[in-house]
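Novice: I'd like to ask some things about the structure below.
The values are calculated or read from the model by the stated rules, or taken from the named source; none is laboratory data. Note that the structure is a prediction, hence the values are computed from the model and not measured. Because the Cβ atoms are built from the backbone with ideal geometry, glycine has one as well, and the counts that use them run over all protein chains shown. All accessible areas refer to the heavy atoms of the entire protein, side chains included, with ligands and DNA or RNA removed. Shrake-Rupley method; radii C 1.70, N 1.55, O 1.52, S 1.80 Å.
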Amino acid sequence: MVIRLKKNKEKAVLNFHPWIFSGAIASGETGIEAGSVVRVESSSGEFLAWGHYDPKSQIRIRLFSFEVSADGTLEKFWISKWNSIYESKIKLLPKDTTGFRLFHSEGDCVPGIVVDCYHKTAVMQLKTPGALSLRDWLITFLFKLGFETILERNEKQEEKSSASPTFHKGSETEPIFLEHGIKFIADITKGQKTGFFLDQRDNRALVSRYAEGRTVLNTFAYSGAFSVYALLANAKMVHSLDISKQAIEICEKNLTLNGLNTEKLGNRHKSLILDSFEYLKSMEANFYDLIILDPPAFTKSIATVNQATRGYKDINMRAMSKIQTGGLIFTFSCSQHISFDLFKKIVFGAAKDAKKRVRILHHLTQSPDHGYSVFHPEGEYLKGLVIQVDGDT
């Protein structure tokens, strides 16, 4: 099946961008089923790429190969591709780490496929018709890699749907894995995304460098991973704050897994089931000297970027206003539509309105197993800064 592009619409493909939008297509769409492999050609009939077709998306074709000899209709092609990615990812992992992202969609040139691994458990998200067409081959591949539980989650489960995830093998619901030798639980059936935010691995390790002796507030704490790192690094006190009781329960389990139970910690840790926005407004000034702001995505579309910008500015401004002089803020955005440049402008605006002198110490991004293609900058979704609040302007 051949799709031809309109004249002068091939530039993005020649630059190896993996998306072709509906407006770029001249001919060839009639009768093609969702998920089908299509050959993409220029207006003059020259080969450009292979991709999966989706008639219901504005991103009409997601490209998976720019080699004319590639045959994406064959299992052999995909197994070879997946093996190559697996071997590459294993080499990127730090010591004593068994939780990682195996397949990162366009970042690994496997569009629509996300697979996160938690020791012997693999969790799949197949987000496009093309990805869904590869389900059986992918399950067989993961089975041969030695995973004992294979779970499939979809977008509806991520959005708190009542639909249940599908076990293709095994039944473990809270696998335990290692990250830099630290034990964590992934809540793979009820938790957010695939059950844990593996993309923050390196940023959690950075918290360890600064946490000793500090009083830490971990807002939007979810599974409490930042809190565990801080406590193991001898933070003076850590407060883990999340509006979800379920999230705080997982946080408490992760603390216990690492020997950080109430008896050992005493008053060094407190879990708070509260709204992070409200807490930042009302919290005591000059109490914390390290604050972590890792909220969920405030926008998933360009239409709500302005609203999201206000949300990010608000939480940063309040943290800057209340933190001790010289304190550190780890601040993040996981919204794809918020660029790094825009995020820094948001932090600038927050500092200006809070009338605080702020210095940027680190630029942060997603962990290496979540790497994104240089030809697909949209893949850089996680942006972070470590800032120091030096005092009033």
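Novice: So which of N261, N286 is of a type outside the set (G, A, S), loosely packed, with under 14 Cβ neighbours inside 10 Å and modelled with pLDDT of 95 or more?
Specialist: Answer to the selection: N286.
Novice: Could you tell me how many of the residues in the stretch 357-378 are surrounded by 20 or more Cβ atoms within 10 Å (Cβ to Cβ) and either in contact (Cβ under 8 Å) with a residue 40 or more places away in the chain or not hydrophobic (A, V, I, L, M, F, W, C) (or both)? Explain how you work it out, then say what you get.
Specialist: Going residue by residue through the stretch 357-378, those that are surrounded by 20 or more Cβ atoms within 10 Å (Cβ to Cβ) are 358, 366-367, 369-370.
Next, only the ones that are either in contact (Cβ under 8 Å) with a residue 40 or more places away in the chain or not hydrophobic (A, V, I, L, M, F, W, C) (or both) stay: 366-367, 369-370.
Final tally of qualifying residues: 4.
Novice: Taking only pairs six or more apart or across chains, which ones have beta-carbon atoms under 9 Å, a first residue in the stretch 279-290 that is more than 15 Å from V238 (Cα to Cα) and of a type in the set (A, V, I, L, M), and a second residue that is open to solvent by less than 90 Å² (accessible area, probe 1.4 Å) and part of a loop (DSSP other than H, G, I, E, B)?
Specialist: Qualifying pairs under 9 Å: A285/I323; A285/Q324.
Novice: Suppose we filter the stretch 289-307 for residues that are part of a helix (DSSP H, G or I) and either surrounded by 17 or more Cβ atoms within 10 Å (Cβ to Cβ) or of a type in the set (V, I, T) (or both); how many remain?
Specialist: Matching residues across the stretch 289-307 total 3.
Novice: Looking only at the stretch 255-278, count how many residues are of a type in the set (A, V, I, L, M, F, W, C) and over 26 Å from the mean Cα position of the chain (by Cα).
Specialist: Count: 2.
Novice: Evaluate the stretch 134-146: report whether one residue or more is within 16 Å of G51 (Cα to Cα), touching a Gly at 6+ places or on another chain (Cβ under 6 Å) and at pLDDT 95 or above.
Specialist: So in the stretch 134-146, the residues within 16 Å of G51 (Cα to Cα) come out as 134.
The next check asks that each one be touching a Gly at 6+ places or on another chain (Cβ under 6 Å); those that pass are none.
Looking for residues that are within 16 Å of G51 (Cα to Cα), touching a Gly at 6+ places or on another chain (Cβ under 6 Å) and at pLDDT 95 or above, one finds none in the stretch 134-146, hence no.
Novice: Then there is this: Could you say whether any residue in the stretch 253-264 is more than 30 Å from E152 (Cα to Cα), hydrophobic (A, V, I, L, M, F, W, C) and outside any loop (DSSP other than H, G, I, E, B)?
Specialist: Step one: list which residues in the stretch 253-264 are more than 30 Å from E152 (Cα to Cα), which gives 259-264.
Within this subset, residues satisfying the condition of being hydrophobic (A, V, I, L, M, F, W, C) are 260.
Next cut, outside any loop (DSSP other than H, G, I, E, B) only: none.
Scanning the stretch 253-264, I find no residue that is more than 30 Å from E152 (Cα to Cα), hydrophobic (A, V, I, L, M, F, W, C) and outside any loop (DSSP other than H, G, I, E, B), so the answer is no.
Novice: Right, another one. Take S339 and tell me if it is hydroxyl-bearing (S, T, Y) and under 21 Å from the mean Cα position of the chain (by Cα). Reasoning before the result, please.
Specialist: Working: hydroxyl-bearing (S, T, Y): yes; under 21 Å from the mean Cα position of the chain (by Cα): yes.
Taking the combined requirement at face value, the residue satisfies it.
Novice: Right, next: Going through the stretch 379-393 one residue at a time, which ones are part of a loop (DSSP other than H, G, I, E, B) and crowded, with 17+ Cβ neighbours inside 10 Å?
Specialist: E380, Y381, L382
Novice: Right, here's the next one. Which residues, taken from the stretch 6-31, are on the phi < 0 side of the Ramachandran plot, in a loop (DSSP other than H, G, I, E, B) and either of a type in the set (S, T, N, Q) or open to solvent by 20 Å² or more (accessible area, probe 1.4 Å) (or both)?
Specialist: Step one: filter the stretch 6-31 for residues on the phi < 0 side of the Ramachandran plot, giving 6-7, 9-15, 17-27, 29-30.
If we keep only those that are in a loop (DSSP other than H, G, I, E, B) too, we end up with 6-7, 9-10, 15, 17-18, 29-30.
Result: K6, K7, K9, E10, N15, H17, E29, T30.
Novice: Can you tell me which condition G130 does not meet? The list is (1) farther than 24 Å from F177 by Cβ; (2) open to solvent by 10 Å² or more (accessible area, probe 1.4 Å), and all the others hold.
Specialist: G130 satisfies all of (1) farther than 24 Å from F177 by Cβ; (2) open to solvent by 10 Å² or more (accessible area, probe 1.4 Å) except (2).
Novice: Considering each of G391, G371, G326 in turn, give the residue that is more than 29 Å from N286 (Cα to Cα) and in contact with a Gly (Cβ under 9 Å, 6 or more places away or on another chain).
Specialist: Being more than 29 Å from N286 (Cα to Cα) and in contact with a Gly (Cβ under 9 Å, 6 or more places away or on another chain) holds for just one of G391, G371, G326, which is G371.
Novice: Still on this structure: Which one is nearest to S282 (Cα to Cα), of the residues in the stretch 308-323 that are open to solvent by 10 Å² or more (accessible area, probe 1.4 Å) and within 24 Å of the chain's Cα centre (by Cα)?
Specialist: Among those residues, the one meeting the criterion is D314.
Novice: Which numbered condition trips up I329, out of (1) surrounded by fewer than 19 Cβ atoms within 10 Å (Cβ to Cβ); (2) assigned to a strand (DSSP E or B)?
Specialist: (1)
Novice: Please find, among D294, D242, D289, D275, the residue that is in contact with a Lys or Arg (Cβ under 9 Å, 6 or more places away or on another chain) and of a type in the set (D, E).
Specialist: Details: D294 fails: in contact with a Lys or Arg (Cβ under 9 Å, 6 or more places away or on another chain); D242 fails: in contact with a Lys or Arg (Cβ under 9 Å, 6 or more places away or on another chain); D275 fails: in contact with a Lys or Arg (Cβ under 9 Å, 6 or more places away or on another chain).
Answer to the check: D289.
Novice: Check the stretch 214-222 and report whether any residue there is outside any loop (DSSP other than H, G, I, E, B) and of a type in the set (S, T, Y).
Specialist: Yes, that holds for at least one residue.
Novice: Right, something else. Find the strands (runs of 3 or more DSSP E) located wholly in the stretch 90-201 whose residues include 1 or more that are closer than 25 Å to L364 by Cβ, and list them.
Specialist: The qualifying strands (runs of 3 or more DSSP E) are 99-104, 113-118, 121-126, 176-179, 182-185.
Novice: Output the number of residues of the stretch 174-198 satisfying the condition of being at pLDDT below 95 and either charged (D, E, K, R) or open to solvent by 60 Å² or more (accessible area, probe 1.4 Å) (or both).
Specialist: Residues meeting the conditions: 3.
Novice: Right, another one. Residue check, N267 against (1) at pLDDT 95 or above; (2) open to solvent by 30 Å² or more (accessible area, probe 1.4 Å); (3) not charged (D, E, K, R), all met but one. Which one?
Specialist: Among (1) at pLDDT 95 or above; (2) open to solvent by 30 Å² or more (accessible area, probe 1.4 Å); (3) not charged (D, E, K, R), N267 violates only (1).
Novice: Could you tell me which numbered condition R204 fails, if it satisfies all but one of (1) part of a helix (DSSP H, G or I); (2) of a type outside the set (A, V, I, L, M); (3) surrounded by fewer than 21 Cβ atoms within 10 Å (Cβ to Cβ)?
Specialist: It fails just one condition, (3).
Novice: Could I ask something else about it? Which residue pairs have Cβ atoms closer than 6 Å, lie 6 or more positions apart in sequence or on different chains, and pair a first residue in the stretch 197-219 that is farther than 18 Å from H239 by Cα with a second residue that is assigned to a helix (DSSP H, G or I)?
Specialist: D199/H370
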